[in-house]
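Visitor: Structure provided below as structure tokens; questions to follow.
The values are calculated or read from the model by the stated rules, or taken from the named source; none is laboratory data. Worth saying up front: this structure is predicted, and the values here are computed from it rather than measured. Reconstructed Cβ throughout: ideal geometry from the backbone, glycine too, with neighbour counts over all protein chains shown.
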Amino acid sequence: EPVSEPNDPERDEQEPDAQDDLAEDESDAEDDPELDFGAEVAAARAAAAGLEVDSDPDPSLGDRPYTKEEAGLRSKVGWGRSPIVSVAVIIVGLFLLVATWSDFAYFLHFGQSAPRELGQVGDIYQGGEFSERFDNEWVHLQGEPDVQHAARMETREGWVGFLRLIEADASLFVAVPRDTEKASNEFPGEFSGRIVRLQDSPQWDKLQQFFKAEEIVDLVDLKPASVEAALASTGQSGALAGPELDLVTGGTTTLGADEQVRVIARMPVGMAQLGRDTWKTQEQAEATIAALGVPWTFVEKRNMFWVFAVWTGPNAEVDVFQRMTRALNGGEDLVGADPKKGALVLPRRATYLTTAGDLQGKEGRVSFTYGENTAGTGWVVSGDKLTEVGLEDGRLQIPAKAVEEVRVERQLAINPKGYLLMVDQKPTDVWPSAVMFGAVLGVVLLNLWALVTTLRRRRASAAA
């Protein structure tokens, strides 16, 4: 094949055209987007390999770009992390902090050498309220547990018995660890451990369901004088519903019109029991009763004795009944416990159920609808005998001075703002939760710092 020589005249004629073609190819390469994309890929690979590449300058550093060390530090502290990730970590962390805060707060009492002494339940709970807040404290408390209404539940730690402390109504419970489900319900009257709000305890829902099903009734004793004064203020039904009434244990309360009230009255009579082995017939027993010289009436015949009502007068003292007992036994005290032999005279009390809205008071007497009460209406003197008290328009009237007690029956409902004392739980027992709280707190703070740093950098970039 012929080859041209450098001084070949035809070669000189062709070289300008070849140079023009090369210039056109270079121009096309600059305009080709595919070639530009390839250059970008090459630059990215070079950056990943740690090669020097051009980069945008950091506004805070002037025109100088990041060094390799600064770029690595920037990645480690999270400046390059998406703010969404930091926000997500912070939100999850806050939930964990809330969940473990209670245990962490209790752990802070680890410096105590002994639990705080609270004394008796009555010292910290009066008038339906606690004297102060006791949340998450390590305490020692004395109180009488309600063993008749004890709940048993199985937890991760084993079986636990839950008992109500009677003096605090339904506002204070204790959780006592048990060896087995069938362990005895006998508990001492002293408890030490961690005290928390009932509504914050894991067993709150089950406790509420259990004690609601138990239908525990609390008897609240009112001062009879306070009741009499309230009734006498209007003389109409409903006078007892609304005003403040004094409690025997101190403090006051108010009643609703439909609240059930138990009226306990002492009758001005004694109940004489004459054994049927000593007095074979009712006539013999009546003759002995008549010899007392006081108004009387026959009440009933029972399997072991005859029953009579004998007049003693209002507010009779104990010696009146003792004197009558000796007279019926021929001047001797009652010997032996056999009710079929000898005689015995006892005071008579009657209990009536009504509602606060039905009670009335007028002219020294208390009245209420007798309704379905089964206790006797009482007796009044009629000559040398006693006759039963009759009803007036279905209402029974008794002397106000005869009322010894007035009680209100209230079904107890657990107070969610009350307390649960978890027996034998010490501050050091919750150290794992305390450690978790500290670790989560550190993660949250680190991500919060990273988020703030990223937002500041972006704001600075936007301003530049």
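Visitor: Tell me which residues, restricted to the range 426-449, are among the aromatic types (Phe, Trp, Tyr), more than 23 Å from Val139 (Cα to Cα) and surrounded by fewer than 16 Cβ atoms within 10 Å (Cβ to Cβ).
Guide: If the condition is that a residue be among the aromatic types (Phe, Trp, Tyr), more than 23 Å from Val139 (Cα to Cα) and surrounded by fewer than 16 Cβ atoms within 10 Å (Cβ to Cβ), then Trp449 is the only one that fits.
Visitor: For the range 166-186, how many residues are at pLDDT below 80 and under 21 Å from the mean Cα position of the chain (by Cα)?
Guide: 0
Visitor: When you scan the range 367-393, how many residues do you find that are in a strand (DSSP E or B) and farther than 29 Å from Leu292 by Cβ?
Guide: Residues of the range 367-393 that are in a strand (DSSP E or B), as a first pass: 367-369, 379-382, 385-388, 392.
Now restrict to residues that are farther than 29 Å from Leu292 by Cβ: 367-369, 392.
Number satisfying all stated conditions: 4.
Visitor: A further question on this structure: I'd like to check something: does the range 272-282 contain any residue that is of a type in the set (Phe, Trp, Tyr) and either in a strand (DSSP E or B) or touching a Cys at 6+ places or on another chain (Cβ under 6 Å) (or both)?
Guide: The answer is no; no qualifying residue exists.
Visitor: Another one. Just wondering, is there one or more residues in the range 369-379 that are polar (S, T, N, Q) and surrounded by 18 or more Cβ atoms within 10 Å (Cβ to Cβ)?
Guide: So the first thing to find is which residues in the range 369-379 are polar (S, T, N, Q), and the list is 369, 373-374, 377.
Right, trim to surrounded by 18 or more Cβ atoms within 10 Å (Cβ to Cβ) and you get 369.
Yes: one or more hits.
Visitor: Looking at the range 198-221, can you tell me whether even one residue there is modelled with pLDDT under 80 and at negative phi?
Guide: no
Visitor: When you go through Pro243, Pro202 one by one, which is the residue that is in contact with a helix residue (DSSP H, G or I) (Cβ under 8 Å, 6 or more places away or on another chain) and either assigned to a loop (DSSP other than H, G, I, E, B) or of a type in the set (Ser, Thr, Tyr) (or both)?
Guide: Within the list Pro243, Pro202, the selection yields Pro243.
Visitor: Does any residue in the range 153-180 that is free of Cβ contacts under 8 Å to residues at least 60 places away in the same chain come within less than 8 Å, Cβ to Cβ, of a residue that is in a loop (DSSP other than H, G, I, E, B) and of a type in the set (Phe, Trp, Tyr) six or more places away or on a different chain, and which pairs are these?
Guide: As it stands, the answer is Gly161/Phe187; Leu163/Phe187, since those pairs meet every condition given.
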